[in-house]
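Data first, discussion second: the structure below is written as structure tokens.
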Amino acid sequence: MTIHSDRRFVLAGLAALGLAAAHSTQASARGVRAPGIAVTIDDFDLSDTALMSGQERDAAIRAALMRHRIKAGGFVAGKYVDKVLSPRILSAWSDGGHIIGNHSFSHQYFSGKNPEEVMSDIMKCEPLLSDYPGFRKLFRFPFLAEGKTAEGRDQMRALLKKHEYANAHVTIDTSDWYIDNRLKARLKAHPKAQIGPYRRFYLDHIWDRATFYDGLAQSLFGHSIDHTILLHHRLTTGLFLDDMLSMFRKRGWRLTDAKTAFASPVFAMEPDVLPAGQSLVWSLAKADGRFEKLLRYPGEDGDYEMPKMDAVRL
């Protein structure tokens, strides 16, 4: 991997200050390839929530993807697959040209212990998905946790390769799940609560994290990449995905298919870091060794967003 060291600190500093967005817009204006973003959605818990049933939420998500003419990646945890709604939803995803990937059956955190058991859990999920034409042998680690020991990390990587799975890396990590939890709690207590302030917070959060991680990518590679953003099959995605995609397009980013993003050689990289996981560009930056002041662990967490949401009473 080529590191453009003469630019890294400038760009990483811009990202840390929230100014990488301006850099991306200026780069686009100069004819430099703009950052790309592909949507990936995890879990597929199709439970009903306030405002939307699981089926309505999924329809809204797929409608947003269709409106923006992009194909996403859906990573399904087997424990959420039922015999009635899930087949209809997964068929719609597959027939719509979207990727269906494996998110394990039990959705357990992988600390590095018992990689053989984790692989068995992955294989337990596969028969629930493999009959859909959109299924691909792509595995998304729950919690983006790839092991806290070198031995466990490396054994897990070897097992995935043995079973012909590729790691479905995230490059833009988010805490969308935490914003969703806060919104649902407010709606439970106040069913007529306004969702506008949550929309604004959500979009600001997504943009902040996207520009941060793209700043790291620019520093590492000398240019932006086609990113994969981590979202979850939740109310916030049903409500705000269309707005999110419009925001990125308006601000000069390219919307791209998950298949295209995953085909990049960047996604085959295996950073030698511990704990393993997080965003792929986070891990690559950590392996580089010069970004320690910019890298928090974990990369994203509800604890980071809690005081911000408390401050605006959301």
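The values are calculated or read from the model by the stated rules, or taken from the named source; none is laboratory data. The shown structure was predicted, so the numbers you read here are calculated from the model rather than taken from an experiment. Glycine also receives a Cβ, built like all others from the backbone with ideal geometry; neighbour counts cover every protein chain displayed. These area figures cover heavy atoms from the full protein model, side chains too; ligands, DNA and RNA do not enter into them. Shrake-Rupley method; radii C 1.70, N 1.55, O 1.52, S 1.80 Å.
Structure summary
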read-out	value
Subset of region 299-314 [open to solvent by less than 70 Å² (accessible area, probe 1.4 Å), in a helix (DSSP H, G or I) and not small (G, A, S)]	Y304, E305, M309
Residue that is more than 16 Å from N167 (Cα to Cα), among the hydroxyl-bearing types (S, T, Y) and in contact with a Lys or Arg (Cβ under 9 Å, 6 or more places away or on another chain), where the choices are T260, T237	T237
Cβ pairs under 8 Å, 6+ apart, first in region 214-225 and closer than 11 Å to V266 by Cβ and without any contact (Cβ under 8 Å) to a residue 12 or more places away in the chain, second open to solvent by less than 10 Å² (accessible area, probe 1.4 Å) and not charged (D, E, K, R)	none
Residue pairs meeting the criteria (Cβ under 6 Å; at least 6 apart or on separate chains; first on the phi > 0 side of the Ramachandran plot, in region 272-299; second open to solvent by 60 Å² or more (accessible area, probe 1.4 Å) and not basic (K, R))	none
Any pair with Cβ under 6 angstrom, 6 or more apart, that starts in region 137-161 at a residue that is farther than 22 Å from I99 by Cβ and ends at one that is in a helix (DSSP H, G or I)	G147/R153; G147/M156; G152/P115; Q155/P115
Subset of region 139-175 (residues that are open to solvent by less than 40 Å² (accessible area, probe 1.4 Å), touching a strand residue (DSSP E or B) at 6+ places or on another chain (Cβ under 7 Å) and assigned to a loop (DSSP other than H, G, I, E, B))	R140, F141, E146, Y165, A168, H169, V170, T171, D173, T174
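Per-residue answers, yes or no, for (1) at pLDDT 95 or above; (2) assigned to a helix (DSSP H, G or I); (3) closer than 22 Å to L138 by Cβ:
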residue: T237; (1), (2), (3): yes, yes, yes
residue: F248; (1), (2), (3): yes, yes, no
residue: E270; (1), (2), (3): yes, no, yes
residue: L284; (1), (2), (3): yes, yes, yes
residue: R290; (1), (2), (3): no, no, no
residue: Y297; (1), (2), (3): yes, no, no
